[in-house]
Amino acid sequence: MIYTSFNDFFAVLSSKQRVKILQLLNREGPHCVNQIKNKLKVEQSAISHDMKRLLGCRFVFVERKGKERVYSINKTTIQPLFNLIREHVEAHCVRKDNKWND
C-alpha cells in the first residue's frame, strides 16, 4: 500500500509541466487555470488535467472565487519539501552543460 502511494507521489513529479506549475505557485502564489495557462503557454485542457493530478496527492489546494477555481501550493507539506528539493538540486544536481536545468 505505501509502495503504491510512493509511486503515485513521484509519478506526479515526473511531469515537467506539473513541476513548472508547482514552481509557479511556490514563487508567485495562488493562480487560476487561465493565469497558469497564459504564463506557461500551455492549453487549458492540459493545465486542468495536471491540476487534477496535483490535487489527487494534495500538492495543491483549490478554492472557488466566483466562477474561478484558484489553486495554491500546499504550504504545510509541499512548499517546504519543494524548497528543500530545490536547495538539494542547486547544491548537487547542477550540470556544467546545463542539460538538467530545462
Check: To the nearest 20 debye, what is the magnitude of the charge dipole of the chain about its Cα centre, counting +1 on the Cβ of each Lys and Arg and -1 on the Cβ of each Asp and Glu?
Finding: 260
Item checked: J(HN,Hα) series, the stretch 14-24, from Karplus relation 6.51 cos²θ - 1.76 cosθ + 1.60, nearest Hz, glycine and proline x -> 6, 8, 4, 5, 5, 5, 4, 4, 4, 4, 4
Checklist line | Stretch gain in nm, segment Q17-K65, where the contour uses 0.36 nm per residue and the Cα spacing is subtracted | finding: 14.8 nm
Checklist line | For the stretch 5-30 versus the stretch 37-98, the gap between their alpha-carbon centres in whole angstrom | finding: 4
Next item on the list: Return the long-range amide H neighbours of C32 (sequence gap of 5 or more, or a different chain), with a cut-off of under 5 Å between placed amide H atoms.
Entry: Y71
Note to self: Which residue, L84, V94, L25, has the largest displacement toward the positive end of the dipole of the chain when charges sit on each Cβ (Lys, Arg +1; Asp, Glu -1)?
What the structure shows: L25
Item checked: Listed candidates (1) 23, 17, 13; (2) 49, 23, 10; (3) 42, 29, 6 - label of the one calculated as semi-axes √(5λ) of the Cα gyration tensor in Å -> (1)
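Bear in mind these aren't lab numbers, they're just calculated from the coordinates by the rules spelled out. What you see is a predicted model, and the numbers here were worked out from it, not measured in a lab. Glycine also receives a Cβ, built like all others from the backbone with ideal geometry; neighbour counts cover every protein chain displayed.
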